[in-house]
1. In this structure, is F341 part of a strand (DSSP E or B) and modelled with pLDDT under 95?
2. Just give me the residues in the stretch 128-143 being in contact with a helix residue (DSSP H, G or I) (Cβ under 8 Å, 6 or more places away or on another chain) and not in a strand (DSSP E or B), in sequence order.
3. Every residue in the stretch 97-122 that is touching a residue at least 40 places away in the same chain (Cβ under 8 Å) and at positive phi, please.
4. So, of the residues in the stretch 172-193 that are free of Cβ contacts under 8 Å to residues at least 24 places away in the same chain and surrounded by 15 or more Cβ atoms within 10 Å (Cβ to Cβ), which turns out to be nearest to K384 (Cα to Cα)?
5. Please go through the stretch 84-127 and pick out each residue that is surrounded by 19 or more Cβ atoms within 10 Å (Cβ to Cβ), at pLDDT below 95 and outside any helix (DSSP H, G or I).
6. Quick one: is N224 within 21 Å of the chain's Cα centre (by Cα) and within 24 Å of M362 (Cβ to Cβ)?
Amino acid sequence: MAQLHPLPETSAPKTDLGIAVAALKDNVTRYEKTTKYYSGDHDLAYATEKFVNAFGKMFREFSLNLCPAIVDAVRDKLVITSFGVEKGTKEGIGDEAWNIWQANRMGKRSGEIHKEALRNGDAYAMVWVDAFKKVTIYPQRAASCTVFYDEETPGKVLWAAKFWKTADKKLRINLFFPDRIERYVTKKKSDTLPDETQWEKLEGDKAFAVANPYGIVPVFHFANNSDIGAFGVSELTEAIPIQNALNKSVLDMLIAMEFAAFRQRWITGIDVELDDQGNAKSPFVPGAERIWVTENENAKFGDFESADLKQFLEVKESFRIDMAAVTGTPLYYFMQTGGQFPSGEALQKAETRFVNKVRDRMQAFGQVWEDLMAFALTIENKGKDVRLFAEWEEPAPLSEKELLDNLITKQALGVDDEQLLMEAGYGAEDIAKMMERKAEKAQAEADRFNAGEVVDPLAEEQK
């Protein structure tokens with residue numbers, strides 16, 4: 001039995017329940033950091049311990065958070081528009097899959113799954129029937145689920161597990177196998193996953209095991225940028241060190257601004273009085289409404305130069321550039337550039353790496369969605385072993401002008417009008433009407449020509 005979570009030989013649990021508990025414990029820790037960083041809960045760093053004592057409380061909730069842009073930039077491009085089927089498949093199966101998709105409001109919920117996978121590296125979806133025997137898709141958090149792959153058949157899920165807290169403060173775990181679902185509950189209330197000895201079968205043997213008549217593990221794993229049969233990798237993994245450095249640079253700048261907010265002044269050539277303890281007394285009281293005056297003609301006044309914050313701003317901007325380079329996210333997601341906005345063609349070239357990453361995620365996530373929807377069709381007796389393919393919204397759409405220019409070029413190359421209209425976005429009904437009108441116009445011109453009438457193309461065009 002393959003495991004996504006390698007366990008120490010000496011302490012490895014022997015039962016499926018023990019293996020699942022150990023794996024889920026690992027998940028709780030595994031996804032904590034990326035979840036926090038996406039939400040802006042960062043580990044702030046200061047130059048010295050003295051700075052921590054002086055400013056730690058003031059800036060404890062501060063962060064210049066670029067992590068959401070990295071995740072959301074990809075997620076916003078991942079939009080499924082329909083499901084197609086291979087040739088020879090029963091007609092209407094793609095529409096049946098789409099009906100299930102819409103009934104489960106997957107237009108929004110699929111985005112939640114993509115966001116979870118991009119943010120934490122993994123996400124899950126469970127498919128089962130509801131109380132009305134209708135197929136239901138349940139998105140799952142990465143920390144609450146796990147799957148176990150077969151080493152002999154890479155990519156094949158052998159079994160899966162999920163845990164959650166019940167209303168009575170106990171924890172539940174379900175183990176999902178191709179032929180059954182096993183259900184466990186903690187013996188007492190718990191906030192954390194306890195050892196396997198602290199679990200018991202749910203309400204005795206009668207409710208413990210539920211048959212799975214479909215022969216497939218109903219939990220589907222969305223792994224971001226992963227190897228075969230392995231965990232995914234968060235989009236934030238390489239970004240977090242740069243995010244920390246960016247926060248550090250901004251904190252240093254804010255601290256410098258705090259010290260430089262009141263310009264330090266100096267005076268020489270006067271006598272300084274001492275108090276009873278021998279400490280020097282300030283000869284002047286600072287204030288916007290006060291003037292410093294002395295009768296000593298040898299006295300000199302001055303002030304120190306204010307702090308130059310330009311270098312802090314340059315460092316801050318350089319980290320934004322580093323973030324774009326490391327994550328492949330277009331720079332304009334992190335900063336607004338001055339000057340003339342680049343042309344559409346220039347943007348396409350600049351986004352090549354980013355668009356390629358989006359297409360890679362479409363392919364990886366699309367395969368899981370295809371298997372999931374095929375399973376959903378099986379549950380509803382709409383088809384068995386159906387081969388679907390997910391159709392996605394174009395991640396780098398052309399502008400209207402670029403599209404029309406391309407169509408004109410294709411027309412010059414001999415592409416037929418019906419195909420051009422289809423690529424222009426017209427529906428089948430509109431295309432049929434336009435082609436019919438064109439045919440009628442051509443026939444009318446031919447009839448007039450055969451009748452000996454002179455046809456003026458320019459006049460006809462104006463009509």
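The values are calculated or read from the model by the stated rules, or taken from the named source; none is laboratory data. This is a predicted model, so every value here is computed, not measured. Cβ: placed from backbone, ideal geometry, glycine included. Neighbour counts: every protein chain shown.
1. no
2. K134, R141, A142, A143
3. Listed by number, the list holds a single entry, G121.
4. The extreme case among them is N174.
5. Within the stretch 84-127, just V85 meets the criteria.
6. So N224 fits the description; yes.
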